[in-house]
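Read through the structure below, which is laid out as structure tokens, and then see the notes.
Throughout, read-outs are computed from the coordinates displayed, never taken from laboratory work. All values derive from a computational prediction rather than experimental measurement. We place every Cβ from the backbone using ideal geometry, glycine too, and count neighbours over all the protein chains shown.
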Amino acid sequence: MSNPAPTIAQAFDDARTFNKFDGRAISDAQLQQVYDTMKWAPTSMNCQPARFVFLRSAEAKARLKSALSPNNLAKTLAAPVVVIVAMDTRFYEHLPTQFPAYDAKPMFEANAALAEATAFRNSSLQGAYFIIAARLHGLDCGPMSGFDAGKLNAEFFADGRLKANFLINLGHGDASGNHPRGPRLPFAETTQLL
Ligand SMILES: Cc1cc2nc3c(=O)[nH]c(=O)nc-3n(C[C@H](O)[C@H](O)[C@H](O)COP(=O)(O)O)c2cc1C
């Protein structure tokens, strides 16, 4: 039987941030499926700076130990997969093939601040797209920014080209570990209709 069509509620209204996961493993094919969905979401000049490092083995996850905040440690080591959402600081090297409409590579080569802001903005977006794609494919996420980026980068990205943006624990959620859901700011408080 085919899976039911994913719903808006599955991606947003009913989706929660998970601290615990059940025992089901995540296959490499599932990780590729999520990537192949999220890759179509937009980035500026199609720059696609995000890089995803999937930590699947206990040995790979243990390499995060010294970088994680104490409150994130146990749940991260127990997650089926931990995703390092990183950014390629030299993303612009791919622009000639990825954005042939305009020769933007020299602009970024000449302006480190613009390259950094562009990499951070767009890899953050791509991390969010990843969360939504994972939910649409029936997976659950626990995003985290509570880690020491310097330590993580030294452990995983020693040559300095990639830099960590944030982490996502990934699996099939076990709601028994959820915090009570916080409210959300209402439309009237966060928007302006001009
Ligand atoms: C970028 C980002 C960083 C986060 N960092 C942490 C973290 O370090 N530790 C943690 O326990 N939760 C972290 N969270 C989880 C948020 O607190 C949670 O997503 C938010 O309260 C909404 O919860 P809900 O999806 O269950 O409604 C983070 C979430 C995001 C999106």
Summing +1 per Lys or Arg and -1 per Asp or Glu among the other residues with Cβ less than 15 Å from Ser124's Cβ gives +1
Inverse mean reciprocal Cα-Cα distance (Kirkwood Rh) of the range 127-194, Å = 15.2 Å
Excluding residues on the same chain fewer than 8 positions from Lys75, give the lysines whose Cα lies under 16 Å from its Cα.
-> Lys20, Lys61, Lys65
Given the candidates Val83, Phe156, Ala134, the one whose Cα lies deepest towards the positive end of the charge dipole of the range 75-163, counting +1 at each Lys or Arg C-beta and -1 at each Asp or Glu C-beta, is Ala134
Which length gain, in nm to one decimal place, applies between Ala101 and Ala58 when the Cα-Cα distance is subtracted from 0.36 nm times their residue separation?
-> 11.1 nm
Span-like helices, the chain: DSSP H, alpha-carbon axial extent 27 Å or more, mean Kyte-Doolittle 0.5 or greater, which ones?
-> 112-136
Just report the Cα centroid separation between the range 89-113 and the range 126-161, whole Å.
-> 23 Å
Extension gain (nm, one decimal) between Asn111 and Arg161, 0.36 nm per residue minus Cα-Cα = 16.4 nm
Which three semi-axes in whole Å describe the equivalent ellipsoid of the range 76-139, each the square root of 5 times a Cα gyration tensor eigenvalue, listed largest first?
-> 29, 14, 9
Which trypsin sites (Lys or Arg not before Pro) in the range 141-194 pass both tests, a DSSP loop state and at most 10 other beta-carbon atoms within 10 Å?
-> Arg181, Arg184
Classify the range 85-177 as rounded, prolate or oblate from the Cα gyration tensor: take a ≥ b ≥ c as the square roots of its eigenvalues, call it rounded if a/c is under 1.5, otherwise prolate when a/b beats b/c and oblate if not.
-> oblate
By its C-alpha gyration tensor, with a ≥ b ≥ c as the square roots of the eigenvalues, how is the range 1-103 shaped: rounded for a/c under 1.5, else prolate for a/b larger than b/c, else oblate?
-> oblate
Spin-label pair Asn71/Ser176, simplified geometry with 7 Å Cα→Cβ offset, distance in nm | 2.3 nm
Looking at the square roots a ≥ b ≥ c of the eigenvalues of the Cα gyration tensor of the range 1-58, which shape do they give, rounded for a/c under 1.5, prolate if a/b is larger than b/c, or oblate?
-> oblate
Over the alpha carbons of the range 37-194, what is the largest minus smallest coordinate on each principal axis, giving the biggest first in Å?
-> 51, 47, 26
The summed charge of the Ala164 Cβ neighbourhood (under 13 Å; Lys/Arg +1, Asp/Glu -1) stands at +2
